[in-house]
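So the structure is just underneath, and the comments pick up after that.
Since every read-out is calculated from the coordinates, none of them should be taken as a lab result. These numbers were taken from a predicted model, which means no experiment stands behind them. Reconstructed Cβ throughout: ideal geometry from the backbone, glycine too, with neighbour counts over all protein chains shown.
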Amino acid sequence: MASTFYSGVQGQIQDEFGTSNTVATLGVGLYNLGCVFGALFGGPLSELYGRRPVYIVSSVCFVVFSLGSTVSPNIPTLLICRGLMGLFGSPVFSIHGGSTADLFTPAERGPVVALSTLVLQGAPTIGPVPSSFLGPVLPWRWLLGSITIWGGVLAIATILFVPETEPKAIQRKVAKSEGTVAGDQDVKYLKVWSNALLRPITLLRSEPIMVWTTLYHSFVYGLLFILLEAYPHIFDAHYSMSREQTGLVFVAPFIGNLIGVLIYFGYDKPRYEALQHTIQLESGGKLEIEPEARLPGVLLASLLTPIGLFWFTFSANPDVHYYFPIIASVPIGMGMTLLQLSLFNYYIDLYPTMSASAIAANSAVRCVVAAVLPSVGLPLYSSLGIRNANVLLTCISCMGLPTGFILYVFGRRLRVASKWAKQTTDVASHPHKSIEATAPLLTQPPQNHYGGTSSSE
């Protein structure tokens, strides 16, 4: 929420410091730029040092720099603090996937990832609503200070109640307490530390699955930050809405986020559990469902997003009641949530020993896009016009339509060519060939990053 909450007080900040709209908008862009590095390094570091230390350090530092932004005497200080807030506020983007893999079985992960996705996707979606509504009546320092207070409460809760869950970190702690750590442990640890920081980059460089899904997810995620600047422009130009009124428009995509989670619990989770039960029953408990069974949500999301944008394109018109373009944002929000839900569950199953690094790679690229797009949104709509800019975004979103289908049908073949993905046997020689398209079967334990079999499953 801290990334987009700023938008509601941006006008006050611009007036107080006498800066331009472009410079003031950097408060959102630099926050997202900081998220790039926090998300990129947070996951791998948590796999090496454990989840708990990274959670604690990042949450405490977030509060410190949030306080710095609240009391900033000038715009450079404010922008620097905003960037550092993003740096320390973003490790959770990648760590939560690893924590989920630590604590829950594949069948249990879905609801947990659904709830965390609702928080991670819904918070920035709803962020402009309270800040836009309260911005005209409260000083901006009070509003940014509320983020500091809330962050402080969460930091204290993290210190008091969040345990260590990473299996290897727990094993190292036990070994150290028993005095069984090898003498060359530090040398090996430095080597592993160096390799682990490169894992997200390695995945993006060598895994076609990661590249394509991350690019598409980044565009869908970036839509939120384009709309962050575009909504005030569109609804002011066509419907003469005030800044606080346009902030309330973001309730619509948030409702879409909620509906996306309800669709998951009402359809996708029962479907996955029934499929898993069938496989376990037919194989006598010897086989597992494959990662591609997580992808129906991607198929649905790849339809919902362009539908919502198409609807918004032709309803955002002075001759059409403003209810219609607002309602068009609901399927966009649904697509955002369903896509992230499906992909993060997919990554956790696809890279069981590197799930945090996979999510970190995805999050880092999304944050790069989110850092750039707030400064692009308003110039895009101003130069192309509202209708043409919406048409452009709709066309780009349609390019993601083949994503879910290709992964769903050809995912096994892509995994065979992968060095890191979970591998399976040839279904053609297996009696469960009839369910190949929905759940091919796993008969080998996944290999971890260091060699040997995984201990995280």
Would you give the gap between the C-alpha center of segment 139-168 and the C-alpha center of segment 314-391, rounded to a whole Å?
-> 27
How high is the FRET efficiency from V211 to V376, r the C-beta distance, R0 22 Å, rounded to 0.05?
-> 0.50
Helix 355-384 vs. the chain, principal-axis angle (Cα, 0 to 90°, nearest 10) = 20
Let me know the number of lysine pairs in the chain closer than 22 Å at the Cα, not counting same-chain pairs under 8 apart.
-> 15
In Å, the C-alpha Rg and Dmax of segment 330-393 are 15.7, 47
How high is the FRET efficiency from R141 to I201, r the C-beta distance, R0 41 Å, rounded to 0.05?
-> 0.60
Between 0 and 90°, nearest 10: helix 401-416 axis offset from the chain longest Cα axis = 30
Surface/4 of the Cα convex hull for segment 42-121, nm² | 5.8
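How many Å³ per residue does the convex hull of the Cα positions in segment 1-134 occupy?
Working: hull volume 13.2 nm³, N = 134.
Spread over its residues, the Cα hull of segment 1-134 gives 99 Å³ apiece.
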At the level of C-alpha centres, the distance separating segment 30-98 and segment 195-262, in angstrom, is 20
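Taking only the C-alpha atoms, wrap a convex hull around segment 2-442 and report its volume per residue in Å³ as a whole number.
Details: hull volume 65.5 nm³, N = 441.
Dividing the Cα hull volume of segment 2-442 by its residues yields 149 Å³.
Quickly estimate the mean residue ellipticity at 222 nm for the chain, helices only: each DSSP H run with n ≥ 4 gives -39500 (n - 2.57), and the total goes over all residues, rounded to 500. Walk me through the numbers on the way to the answer.
Working: 21 runs with 345 residues, N = 457.
Taking each H run of at least 4 residues, the total per residue is -25000 deg cm²/dmol.
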For the charge dipole of segment 85-186, defined by +1 on Lys and Arg C-beta atoms and -1 on Asp and Glu C-beta atoms about the Cα centroid, which residue among G127, G179, F104 has the Cα displaced farthest towards the positive pole?
-> G127
What is segment 2-442's relative contact order, in percent, from Cα pairs under 8 angstrom and six or more apart in sequence?
-> 24
Taking the chain and a Cβ-Cβ threshold of 4.7 Å, the cysteines left without a partner are C61, C81, C395, C398
Segment 1-106, relative contact order in percent, only Cα pairs under 8 angstrom and at least six apart counted = 36
